[in-house]
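Here is the structure we will look at.
The values are calculated or read from the model by the stated rules, or taken from the named source; none is laboratory data. None of the values given here were measured: they were computed from a predicted structure. Backbone-built Cβ (ideal geometry, glycine too); neighbour counts: all protein chains shown. In case anyone asks, the SASA skips ligands and DNA or RNA and just uses the protein heavy atoms, side chains included. Shrake-Rupley method; radii C 1.70, N 1.55, O 1.52, S 1.80 Å.
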Protein chains: 2
Amino acid sequence: MEQQTVTNITPYLSEWKQSLQNNMIGKKLSELRTPSLVIDKTILERNCQQLGKIHTELNTNIRIHVKTHKTVEAARIQLEGAKSDAIVVSTLAEAYFMIESDLVKDQLLKQVLLGFPITPDKFDDLFKLSRKVASFQIFIDNPSTLDALESYCRLRNESLKANVFLKIDCGYGRAGIPVDQEESIELARRLQASEHVNFLGIYSHAGHSYASQTANAALEYLENECNSARAFRDRFEQHGITIKTISIGATPTVKAIIRFMDDARIKSILQGITEVHAGAYAFLDRQQVSTTLGTLDDVAVSVMGRVASKYPSRHSILIDAGGLALSKDIAPQGGFGYVLLDLKHKKPVATVSKVSQEHGIITDIDQELFSSLHIGQIVHIVPNHCCLTCACHLYYVVIEEGNDTVVDVWVPVKGW
Amino acid sequence: MEQQTVTNITPYLSEWKQSLQNNMIGKKLSELRTPSLVIDKTILERNCQQLGKIHTELNTNIRIHVKTHKTVEAARIQLEGAKSDAIVVSTLAEAYFMIESDLVKDQLLKQVLLGFPITPDKFDDLFKLSRKVASFQIFIDNPSTLDALESYCRLRNESLKANVFLKIDCGYGRAGIPVDQEESIELARRLQASEHVNFLGIYSHAGHSYASQTANAALEYLENECNSARAFRDRFEQHGITIKTISIGATPTVKAIIRFMDDARIKSILQGITEVHAGAYAFLDRQQVSTTLGTLDDVAVSVMGRVASKYPSRHSILIDAGGLALSKDIAPQGGFGYVLLDLKHKKPVATVSKVSQEHGIITDIDQELFSSLHIGQIVHIVPNHCCLTCACHLYYVVIEEGNDTVVDVWVPVKGW
């Protein structure tokens with residue numbers, strides 16, 4: 001049997017959160033150390049409620065990703081807004097953090113899916129977590145993993161079944177089995193037959209839809225993904241395999257569902273799709289703005305920095321938000337983030353053109369603004385990719401309605 | 001006076017380190033959760049001792065960057081190896097962590113430089129830290145910051161002087177004043193004259209030397225930086241400003257000093273340079289290997305991952321080390337890291353070609369190896385950029401001589 005490994009969850013997160021809250025709530029943003037990650041809770045709530053319409057108006061279940069923020073607070077807003085009881089986590093640290101939180105006690109959270117193909121060293125955690133939440137779920141997309149799971153269960157006399165989605169590839173080419181191989185049928189057949197598996201259905205992620213530059217393009221990605229997922233289902237069902245759940249999604253395609261909610265095409269596109277999932281929709285970012293499916297007013301996350309120096313001879317501004325505060329992820333617009341002077345009126349006045357570890361460099365800025373910026377002045381950066389930017393920060397400062405008063409501090413779980 | 005802000009240092013780091021050490025020391029790497037950052041202490045020590053030759057053979061002082069790792073343990077190895085008592089930190093969190101560690105008590109650490117132009121909201125910390133270590137030092141490269149410092153000191157009746165380096169730009173164009181402007185002379189003159197400043201000298205960082213692809217190219221960057229720094233000094237001295245210290249450096253140029261140690265040119269290139277500084281030299285990475293000034297055997301850091309799935313139809317391997325474990329920083333070789341099967345014999349067998357948050361994708365791999373890799377198998381990734389990769393991890397697993405037994409666990413400080 002495979003060596004088992006242990007999830008290392010940072011201890012003392014709640015103590016630290018308490019002390020940060022004591023120090024920060026009620027303060028003005030300008031009283032805080034920079035760089036700081038700022039979340040506008042009003043926008044987050046609005047984004048999540050918008051997602052909920054997919055459930056209320058189209059009767060399709062929603063599953064929300066928590067990997068963007070990894071906090072219980074934002075997960076609660078997502079679950080309540082989207083009228084969902086199902087999440088995807090990207091790590092077992094997130095799984096423990098969410099499952100051991102009040103979300104389960106409050107009956108808000110019933111399904112937790114580990115959204116990365118499990119390796120056999122994590123089966124101890126799989127069955128530990130399966131005993132703590134109504135349905136803990138995993139991906140399998142390889143027969144060797146199923147072999148290892150069955151062997152583990154036999155050796156341990158494990159009485160529980162693992163809840164398994166078969167991860168399918170609908171064109172993204174990252175994880176998941178292809179539709180056209182005999183091995184795919186064989187794996188699905190084994191998952192259905194295994195006495196150690198409760199086979200849930202198929203799960204796809206259309207990550208390639210991030211390339212959308214119009215709402216219509218995103219709609220096309222959605223249609224292709226749904227068609228592809230149904231093709232998997234049909235092929236499996238022809239071979240006597242029952243597919244109870246088809247879960248598809250990604251932020252651009254899910255935003256397209258909302259955009260085209262009243263369009264007759266949507267119901268036919270989603271025919272047979274039982275669940276849609278999305279993550280970045282809750283916070284959005286500069287990448288998502290490039291798809292035209294959200295505007296800057298829909299972006300709930302920003303990084304606050306300060307002007308640290310000005311170099312008139314090379315028309316360059318140095319800010320204290322660099323690669324460790326913004327991440328080095330890229331976006332179609334180029335550069336590392338839009339520069340705003342105000343979170344109430346989100347008008348980009350410049351772009352962060354270069355970053356190194358702690359340095360952010362702004363060169364694309366008009367002369368009048370260059371002259372008016374002063375050392376120590378607060379700037380707000382709309383980051384390229386909310387998930388990677390949040391991962392840079394140990395805590396998030398929470399505001400409401402674009403106001404500059406801290407109303408809360410959230411502490412994410414990290415690690416694996 | 002400017003609003004003051006507070007450094008938020010994660011509490012309980014030593015308690016957590018203790019518990020990680022209890023759980024991990026003596027274990028095999030294969031018993032650990034992946035992804036995990038692994039440091040080979042033997043290589044780290046060798047790299048640091050090599051740097052020490054600059055001090056012993058050329059009589060030039062060395063200042064070591066701790067921003068790569070942000071641990072007391074690696075800082076100690078750097079200081080002892082390089083026979084130095086001076087560090088650069090990139091954040092005030094690092095400054096507190098290092099200054100409140102045993103390094104000061106053990107008299108190993110006497111000079112701590114905040115290597116980013118300070119903003120006026122941090123002056124409380126500046127003078128707090130100045131009272132805890134022999135010499136706490138800052139950069140100033142803007143007259144407004146000096147105005148703010150003088151006003152702060154007057155209002156507070158601050159009795160200490162701030163130890164200030166004037167940051168100069170020798171061609172990198174990131175931070176620092178230019179040589180050819182009247183304002184640069186004026187700022188240096190004010191720093192020398194200010195009753196609140198102890199003016200230390202000038203400081204440059206040749207970050208553009210990372211583009212070196214040969215040792216000779218790095219030597220040329222070194223010569224240019226030294227020439228440029230001396231031009232600053234000469235210009236300032238013509239205006240009656242005394243420059244006591246000239247600090248220059250970056251890993252490629254400092255590695256070039258070591259490579260050409262016995263070359264007669266080195267002494268003349270370093271003429272008048274009183275201090276060299278470097279950071280990544282201690283760990284190295286794939287970017288540094290591209291400069292040809294280090295080999296894979298000199299790289300002390302890697303990320304351990306596991307094969308999570310295999311997709312024969314698209315000749316693709318999924319590993320559990322993605323953008324959050326490796327960072328998304330790039331390197332001239334392309335991709336996100338070299339794949340090794342063994343830390344004793346570092347032969348790259350493939351490249352991580354794509355990463356998303358938790359997914360690492362390997363497609364550039366020969367068929368025989370593809371077939372032989374099994375689910376759960378351990379792989380080691382040499383990351384593109386050691387600083388950004390270390391920043392992804394909450395703890396580092398330490399080994400010696402490429403062996404697969406854990407000898408220690410180090411916990412870095414994070415945040416700002």
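Points to keep in mind about this one:
- Candidate aspartates and glutamates for bridging to A:K122, where Cα separation is under 13 Å - those fewer than 8 sequence places away on the same chain excluded: A:E2, B:E31, B:D320
- Dipole moment magnitude, nearest 20 debye, the stretch A:296-410 about Cα centre, only Lys, Arg, Asp, Glu C-beta charged: 440
- Counting all C-alpha pairs of chain A, share separated by more than 34 Å (%): 34
- Candidates B:T363, B:T291, B:T71: whichever shows maximal mean-square fluctuation once chain B is modelled as a Gaussian network with Cα springs under 10 Å: B:T363
- GNM result for chain B, Cα springs below 10 Å: residue of B:S90, B:S356, B:S212 fluctuating most strongly: B:S356
- Comparing the full protein assembly with the isolated chain (1.4 Å probe, heavy atoms, ligands and nucleic acids excluded), the residues of the stretch A:371-414 losing at least 50 square angstrom of accessible area are A:I375, A:L388, A:L394.
- Only helices enter this figure: runs of n ≥ 4 DSSP H residues, each worth -39500 (n - 2.57), summed and divided by the residues of chain A, yield -10000 deg cm²/dmol at 222 nm to the nearest 500.
- Buried surface for the B/A pair, taken as the accessible area of each chain alone minus that of the pair with a 1.4 Å probe, is close to 6300 Å² in total.
- At 7 Å out from Cα toward Cβ: B:E237 inter-copy label distances (nm, ascending): 8.6
- Using a 7 Å Cα-to-Cβ projection, A:N403 label spacings across copies, nm, ascending: 6.1
- Rel. contact order, % - alpha carbon contacts under 8 angstrom, at least six apart, the stretch A:283-385: 35
- From the alpha carbon centroid of the stretch A:349-416 to that of the stretch B:33-83 is 32 Å.
- Teacher prompt: B:A134 distances to equivalent labels in other copies, 7 Å Cα→Cβ, nm: 6.5
- When chain A is treated as a GNM with alpha-carbon contacts under 10 Å, the residue of A:Q367, A:Q192, A:Q271 showing the greatest mean-square fluctuation is A:Q367.
- Surface analysis of the protein assembly as shown yields an accessible area of 34 Å² per residue, using protein heavy atoms and a 1.4 Å probe.
- Span-rule helices in chain B, defined as complete DSSP H runs reaching 24 Å or more along the axis (Cα) with Kyte mean at least -1.0: B:41-58, B:215-238
- Shape category assigned to the protein assembly as shown from the gyration tensor of Cα positions, a/c cut at 1.5: prolate
- Heavy-atom accessible surface of chain A: percent carbon and sulfur, 1.4 Å: 47
- For chain B, with +1 on Lys and Arg beta carbons and -1 on Asp and Glu, the positive-most of B:A250, B:G337, B:N163 along the dipole: B:G337
- Lys, Arg +1 and Asp, Glu -1 on Cβ, resulting dipole of chain B about Cα centre, debye, nearest 20: 360
- Dimensionless Rg ratio for the stretch B:297-364, taking C-alpha atoms and the 2.2 N^0.38 Å reference: 1.06
- The mean sequence distance of close C-alpha pairs (under 8 Å, at least 6 residues apart), as a share of the length of the stretch A:220-286, puts its relative contact order at 41 percent.
- At a threshold of 40 Å², the residues of the stretch B:313-338 that become less accessible to a 1.4 Å probe in the full protein assembly than in their chain on its own are B:S313, B:R314, B:L324, B:K328.
- D_trans [Stokes-Einstein, Kirkwood Rh over alpha-carbon pairs] for the stretch B:41-284, 10 °C, 1.306 mPa s, µm² s⁻¹: 87
- For chain A, with +1 on Lys and Arg beta carbons and -1 on Asp and Glu, the positive-most of A:M261, A:L108, A:A280 along the dipole: A:L108
- Between A:N22, A:H69, A:T34, the Cα set farthest toward the positive side of the dipole of the stretch A:16-93 (charges on each charged residue's Cβ, about the Cα centre) is that of A:T34.
- In a simple Cβ point-charge model (Lys, Arg +1; Asp, Glu -1; nothing else charged), the stretch A:1-132 has a dipole of about 280 debye relative to its Cα centre.
- Pairs of Cα atoms nearer than 8 Å and 6+ residues apart set the relative contact order; for chain B it is 22 percent.
- Annotation: the antiparallel percentage among DSSP beta bridges lying fully within the stretch A:41-284 is about 0.
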